[in-house]
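The values are calculated or read from the model by the stated rules, or taken from the named source; none is laboratory data. In this text the structure is predicted, and so the values were computed from the model without any measurement. Virtual Cβ from ideal backbone geometry, glycine too; neighbours counted across all protein chains shown.
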Amino acid sequence: MMDRSIAARTNIFAGSLDQHLFSSAPGSRPGQPLGWELRYSIVQGVASALHYLHDQFDQRVVHRDLKASNIMLDAAFTARLGDFGLARTIETDKTSYMEEAGGGVHGTVCYITPECYHTEKATRESDVYAFGAVLLEVVCGRRPRCDIDGFHFLVDWVWRLHRDGRALEAVDPSLDEDDAERLLMLSLACSHPTPAERPKAQAISQILLRSMPRPAVPPFKPSFVWRRTEGSTPCPQRRDRRRARS
């Protein structure tokens with residue numbers, strides 16, 4: 001059975017992270033915004049859950065739909081990763097999970113990695129990318145899809161600010177803590193377009209525990225380059241994407 005700190009039960013919910021971050025979220029919880037210490041504790045809990053799924057559970061598990069609305073908070077605001085409807089196990093001799101031919105892309109837009117649209121494979125790296133999107137929501141207080149300064153996606157806006165040496169301008173004005181830059185840089189590292197360059201879940205947990213330095217991040221957003229390899233699927237612009245949630 002999956003550890004109870006990972007799988008949430010409906011009768012102990014205090015709502016989702018999404019509901020506590022954004023007043024516009026369905027079922028949002030009125031009250032004071034989440035303070036910095038609480039936000040940091042929540043992302044630590046999510047990182048720990050991801051590390052457990054990827055490396056410590058009896059079988060490797062990829063969640064495939066990690067997002068703020070699937071992170072449940074109990075009465076003590078302890079994070080519990082929920083909605084395992086899309087989760088799949090990965091065989092020990094493999095690094096990814098793929099649906100049967102034509103299965104399409106699974107997950108939620110803005111949390112799906114660029115490479116998934118080409119390979120249609122779920123990997124631990126694709127979960128890490130989604131975690132990076134959640135980190136940005138927590139630190140910036142904005143949704144992953146938002147129109148700002150000509151950008152349509154939060155991650156692209158933060159990459160531009162980082163390039164210009166202004167990354168801290170992205171931080172939620174209600175937060176003013178030294179750890180904000182640590183989380184920003186970690187979120188960009190998780191959002192690296194190249195899967196192999198993203199940190200592993202174990203490293204993410206250690207960075208959040210401050211037992212590892214924050215990751216090195218390129219001075220500007222690297223380009224995404226996809227090279228078709230043997231066994232990969234064609235570019236899916238012509239394939240069915242209906243399974244990707246908006």
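Numbers below:
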{"item": "Any chance Asp179 is free of Cβ contacts under 8 Å to residues at least 12 places away in the same chain, surrounded by fewer than 20 Cβ atoms within 10 Å (Cβ to Cβ) and among the acidic types (Asp, Glu)", "result": "no"}
{"item": "Residues located in region 63-85, provided they are assigned to a strand (DSSP E or B) and within 12 Å of the chain's Cα centre (by Cα)", "result": "Ile71, Leu81"}
{"item": "Residue list for region 106-132, restricted to those being aromatic (Phe, Trp, Tyr) and modelled with pLDDT under 85", "result": "Tyr117"}
{"item": "Verdict on Leu209 being modelled with pLDDT of 90 or more and either within 16 Å of the chain's Cα centre (by Cα) or surrounded by 16 or more Cβ atoms within 10 Å (Cβ to Cβ) (or both)", "result": "no"}
{"item": "Which numbered condition Pro173 misses (of (1) within 24 Å of Glu37 (Cα to Cα); (2) modelled with pLDDT of 95 or more)", "result": "(2)"}
{"item": "Failed condition for Gln237, given (1) at pLDDT below 90; (2) in a loop (DSSP other than H, G, I, E, B); (3) closer than 28 Å to Tyr117 by Cα", "result": "(2)"}
{"item": "Cβ-Cβ under 8 Å pairs, at least 6 apart or on other chains, region 192-203 side closer than 21 Å to His118 by Cα and in contact (Cβ under 8 Å) with a residue 40 or more places away in the chain, far side assigned to a helix (DSSP H, G or I) and among the polar types (S, T, N, Q)", "result": "Pro195/Ser126"}
{"item": "Of all residues making up region 8-37, the number that are closer than 16 Å to Ala76 by Cα and at pLDDT below 70", "result": "8"}
{"item": "Members of region 140-171 that are among the aromatic types (Phe, Trp, Tyr) and either in contact (Cβ under 8 Å) with a residue 24 or more places away in the chain or out of contact with any Lys or Arg (no Cβ under 8 Å at 6 or more places or on another chain) (or both)", "result": "Phe153, Trp157, Trp159"}
{"item": "Helices (runs of 4 or more DSSP H) fully within region 135-230 counting 2 or more residues that are in contact with a strand residue (DSSP E or B) (Cβ under 7 Å, 6 or more places away or on another chain)", "result": "154-163"}
